[in-house]
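The values are calculated or read from the model by the stated rules, or taken from the named source; none is laboratory data. Because the structure is predicted, anything quoted here is derived from the model rather than measured. For neighbour counting, all protein chains shown are included, and Cβ atoms are generated from backbone atoms with ideal geometry for every residue, glycine included.
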Amino acid sequence: MEAPLGGAPGSLTGLHVVDADGAKVGKVQQVYRDDATNDPEWITVRTGLFGMKETFIPLAGVRRTGDDLHVPHAKETVKAAPRIDADGHLDPSEEDELYRHYGMARPGTAGPGDTSGPGERADPGSGGAPDPGSGTPNPDDPPGG
């Protein structure tokens, strides 16, 4: 299956995430797929002091330019996202909390903030699961981290 941004979802891992103002946010760590559609729906980005925290960002509205992934959110918005463990699965309540934080309606639901497009629909009861190949260590990352 092709990811909406070209290439396999695992190919997003390691890309540099850039915010709406051009500021670097961090690197993509994992790609989470929708349980119902298997489409890539979320990425996690390593943020925080020493890059010790993984933060979820929706893929809706994201565009890729070379090795950069441009997200339509400010760095501060990403860093202030709810703290949810990147433990292998997002449950629906966690997804709802994240969508509220980013000011978005869940894709596939009607609402003024609905930014869903082709390949970005989600079943209202689905949670995201990471892409099995997306947890590959990045050779640029320090050992153990």
**Prompt:** Pick from GLU54, GLU41, GLU95: which is of a type in the set (Asp, Glu) and surrounded by fewer than 23 Cβ atoms within 10 Å (Cβ to Cβ)?
**Reply:** GLU54
**Message:** For the condition surrounded by fewer than 17 Cβ atoms within 10 Å (Cβ to Cβ) and at pLDDT 90 or above, what is the one hit in GLY144, GLY66, GLY113, GLY117?
**Reply:** GLY66
**Message:** Exactly one of these conditions fails for GLY88: (1) surrounded by 18 or more Cβ atoms within 10 Å (Cβ to Cβ); (2) assigned to a loop (DSSP other than H, G, I, E, B). Give me its number.
**Reply:** (1)
